[in-house]
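Read the structure below first, then the notes.
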Amino acid sequence: MAGYPARRVRSQDEVAVELMKFIAVTTGYERPRSLPRVLGKPLAHSAEEHAEALLELFERCRRVVKKES
């Protein structure tokens, strides 16, 4: 089609990253300070625990994307 840019095919990992980012942003998950509070105090989570949780979320997104393909 003339005048339209070619549509690039995205890999499953790229789709999984976009899904992970969408979930993280819409739930406030990307911000460690937005973690749930217990008795008025934020739950303590290290940067390593937060990174591990994000990696786990990415793996879950990958499984969903692969299942849908």
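Here Ala16 meets each of (1) modelled with pLDDT of 90 or more; (2) open to solvent by 80 Å² or more (accessible area, probe 1.4 Å) with one exception, condition (2).
Summed over the range 19-29, the residues that are surrounded by fewer than 12 Cβ atoms within 10 Å (Cβ to Cβ) and modelled with pLDDT under 90 give a count of 4.
The values are calculated or read from the model by the stated rules, or taken from the named source; none is laboratory data. Keep in mind it's a predicted model, so treat the numbers as computed, not measured. For neighbour counting, all protein chains shown are included, and Cβ atoms are generated from backbone atoms with ideal geometry for every residue, glycine included. Note: accessible area is taken over every heavy atom of the protein model, side chains too, but ligands, DNA and RNA are not part of it. Shrake-Rupley method; radii C 1.70, N 1.55, O 1.52, S 1.80 Å.
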